[in-house]
Every structure is written in C-alpha cells, then in structure tokens.
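Scroll down for the structure; my scribbles are underneath it.
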Number of protein chains: 2
Amino acid sequence: MPDSKTTPTARAAGTGTTRATTPTARRSEATRAAILDAARERFATDGYERATIRAIAKDAGIDPSMVMRYYGNKEGLFAAAVSIDLRMSELPAVPRDRIGATLVAHFLTLWEENEQLTALLRVGTTNAAGAERMQDVFRDQMLPVARAACPDPEQVPARAALAATQMLGLALTRYVLRMPPVTALTRDELVAWLGPTLQRYLTAPHSAWPEG
Amino acid sequence: MPDSKTTPTARAAGTGTTRATTPTARRSEATRAAILDAARERFATDGYERATIRAIAKDAGIDPSMVMRYYGNKEGLFAAAVSIDLRMSELPAVPRDRIGATLVAHFLTLWEENEQLTALLRVGTTNAAGAERMQDVFRDQMLPVARAACPDPEQVPARAALAATQMLGLALTRYVLRMPPVTALTRDELVAWLGPTLQRYLTAPHSAWPEG
DNA sequence: TGTGTTGGCCAACAAGCGTTGACATCACTG
DNA sequence: CAGTGATGTCAACGCTTGTTGGCCAACACA
C-alpha cells in the first residue's frame, strides 16, 4: 500500500481480472487490504471482543466508518479477514509411516507464518461463529488427510479428532498462551516428540477400539 | 449455603476463625456464594469480556452493585471465582508405567465436574491475567507430578510441557470448542488413546533429546 | 468545463459496559 | 426503644462500543 499513491488507478486498472460493476478501476484495494491486515493482527492478539473496530481502523490509518462501508459490520470483517487454508496439498509425498512427523512440521510452519490461525483459535474460544468456523476447517481440510492415512474409513473421524486434540493443544499452549516451557521447545524437538503421537493416532491399530 | 437461611447468624458465629471488624455474624455468605456460582458459570460459558457483571448479578438474583461491594471490581471477582485445584494428591498410587492412563482419567473427571477449569481456559485465551494464572497452575501443580514420574530432573519442564499440550488440547476441543468428533469419543477411548501418549511424554527416553 | 461517482472524514447516535454514591431496610445490641 | 452497622436497591455517572448519515475532496469521463 505505501508508494501506491503515485499511480493508484493505473495499478488497479492493470489487474483487469475481476470486472467490477463500475468500469472505473478501484483505488480502494490498498485500503481494503490495509484494513484486513490490521484486522488479522488485532483479532490474533486480542480476540474478537477486545479487537475493536476503532483500533483496527487506527492501525490501518483510516476512519472506522470505512470499515463498515467495506465489510458491513464486525462479523463481516472477521469473516473477510480470516480464511484458513491449511495448504494440505503442499504436503510432500512421504511413506505412510512418516505422515505423523510430516504433519507436525507442516503445522508448525503454518502457525508461524500465518497469524490468521492464531486469530481463529482465539476467536473460537469466545465466539460461537468462530468455533463453527474451526469445525468447518477441521471437516473440510483435516478429515481428508486422515482419510488418506487411516486404513479403516470408519475410524477416520475419531482418528482425525485425536490428531486435532494434539495439534490444537500445541497451538494453544505455544502460540496463544505462550507457556514458557512450551515455547522453549525447538521445532526439531516438537517434531520428534509429537510426530510419533500423530502417527499412532492416524495409523496405528488399537486394542481399545470399539469394533476391535 | 443452602438451608443456611434458618440460622444464618448462628452458623457464621460458630466459625470464629476469622474475626471480622464487626462482632455481628455475617448473613451475606449465601449471597457471596451465589455470586461466585453465577460468575463461574458465566466465565466458563462466555469468557471474560462477554461475562458481564450485570448478567452475573441477574443470575445470582441481586443487584450489580453488590458484586462490587463484595469483590471490589471485575478482576477481583474473577480471582475469587476461579481458584484451580488439580487435586493431584488424590491420584491413586500406581506403578510408574501406568501414570499416563491414570492422569488422563483423572483430568477427564476433573474437567467434567468442575467448570472453573473451563472458565480459566476460556479466559486465558483472551485475558493476560488469565494466561498467567494458567501458568501458575502448571508450575505449582503440574510440574511436581512430572517430577515424580520423570527420571531425569533436567527434563522435567519439557516433559511436563509436552503433557500439557496434549491435555489442554483435549480440554480445548472437547469442553470449549465442543468439536463433535471429539465429544463423540468415550471416556475409555480417550484413556486408551491418550494414556500412552502422556506415558511416553513423561517417562520414555527419546533419541532426539538434546543431551541424548 | 461540468457532472457524477468514488474515497474518505467528521460528528453523532443508541446501547451497553464497569463503577459509584445516596438511600432504604433489616437484624441485632445497648 | 433508640441506635448502629451490615444488607440490599435505585439511579446515575463517565466511558467505550458498533453503527449511521451527512458532508467534502479528488478523480473519471463527457
């Protein structure tokens, strides 16, 4: 968004992919993006209630009313700011007995470079819509991975759920609560410890399973 | 607090341990307890920001100003309402190779019969004081257990931290987010699956350990 | 140059929040 | 019976919130 004030229309006019209702190119895309950036950061650090529209607007350097004009209301802003993509397709093809460690490493990278995940986790604990969104992500992006790794299709939801308890627990203690003994663990240590756990949850047989 | 209305003064006068500034016994204990009960429930279901003093007072059937008189302010109310006791001393004496399953079972019982744990977890994700309190509980009540189970004292914090990621992840997905595939798991299934995980985190050697 | 559209700011609204102090009421003591 | 202190209600304060509508400047196009 900086330096774009020199030729705002030209830049927007160059990207003619999305034809808007008006023939004139949009100058507001920079502002919209600035709002989303600020919203993501505020939601990630403060949660839904304490992330005020006024604070987000101040971070973005514009008036609070602009947020309303572009995103309708606070819920619309959150919906627009947080769209989770676990990028499961980018997982390297590994033998089935290494899927656990691969997943842990993948999620660690994901959480560290995308604050939207922290935002959704923080909001999900106090906001009903946020909790539902987390379940959507789980259903649409986590279940398929478990389906590919787990032998028995009937066990897929339970095994994916077990994996979710471990991964979300890591995210909670490390990136939300920031518990010192958890943040002190290195990436390699976490992969080495949690990898076998996910591996077992997803692929190992288990004697206590209801249908044997 | 129930049935105490018959002889309120006599009951309070009997417990002369804390000498109040006034010689008259306290009739207000029932109200104080009602406030704490309502506060615990609201904090557990709504989190810190959305649990308003007005709503808590209405649940308790009294005026909001009473909350202020008895607990000073909202932070004081939360501090008084949420005092976590993991009751680790009630853990049955089991051989060291069964500490994992025992801990999982213990925590499941704890979370299901005490909503203060849910309250603290919800508040901890959006409130700095709540997050600090969680770390206090971890340090004062979780570390000793790990110290008793883990061979090398130097590894205790890291191993306790690993156990915390799994247990808090279970609490988050099951009691806060209430993800259907996690709530669908039975108590026995969870003990059977998560028990070995905690067992390994607390007691098993590991090749990837820094000082091997 | 004139005109309509877009981007942006300003001021204000109603509602809800935590919090406060004045006033009533009751129980008990002297 | 008068008095005192605890218990509780009522009304309001100051503040912040999400949200709205009006106004102005800049631009695109004729």
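What follows is calculated from the coordinates using simple rules that are stated; it is not laboratory data. Just so it is clear, the structure is predicted and the values come from calculations on it, not from any experiment. Because the Cβ atoms are built from the backbone with ideal geometry, glycine has one as well, and the counts that use them run over all protein chains shown.
Some points to look at:
- Think of segment A:74-178 as a dipole: +1 on every Lys or Arg Cβ, -1 on every Asp or Glu Cβ, centred on the Cα centre; then among A:Leu117, A:Met167, A:Leu177, A:Leu177 lies furthest on the positive end.
- Computed from the C-beta positions of B:Glu90 and A:Ser83, the FRET efficiency with R₀ = 51 Å rounds to 0.65.
- Footprinting exposure proxy for B:Trp111, B:Trp193 (fewest neighbouring C-beta atoms within 10 Å first): B:Trp111, B:Trp193
- Distance in nm between pseudo-label sites at A:Ala55 and B:Glu132 (7 Å out along the Cβ direction from Cα): 1.7
- Taking the Cα atoms of segment B:88-203, the ratio Rg/Rh between the radius of gyration and the Kirkwood radius comes to 0.95.
- For A:Ala30, label point 7 Å along C-beta direction: distances to other copies, nm: 6.7
- Applied to segment B:70-85, the Karplus parametrisation 6.51 cos²θ - 1.76 cosθ + 1.60 on θ = phi - 60° returns per-residue 3J(HN,Hα) values of 7, 10, x, 7, 5, 4, x, 4, 4, 4, 6, 7, 10, 10, 7, 10 Hz, with x for Gly and Pro.
- Each Lys or Arg adds one and each Asp or Glu takes one away; over the other residues whose Cβ falls under 12 Å from the Cβ of B:Arg54, this sums to +2.
- Karplus-derived 3J(HN,Hα), 6.51/-1.76/1.60, for each residue of segment A:134-149, Hz, glycine and proline x: 4, 5, 4, 4, 4, 5, 7, 10, 8, 4, x, 5, 4, 5, 6, 9
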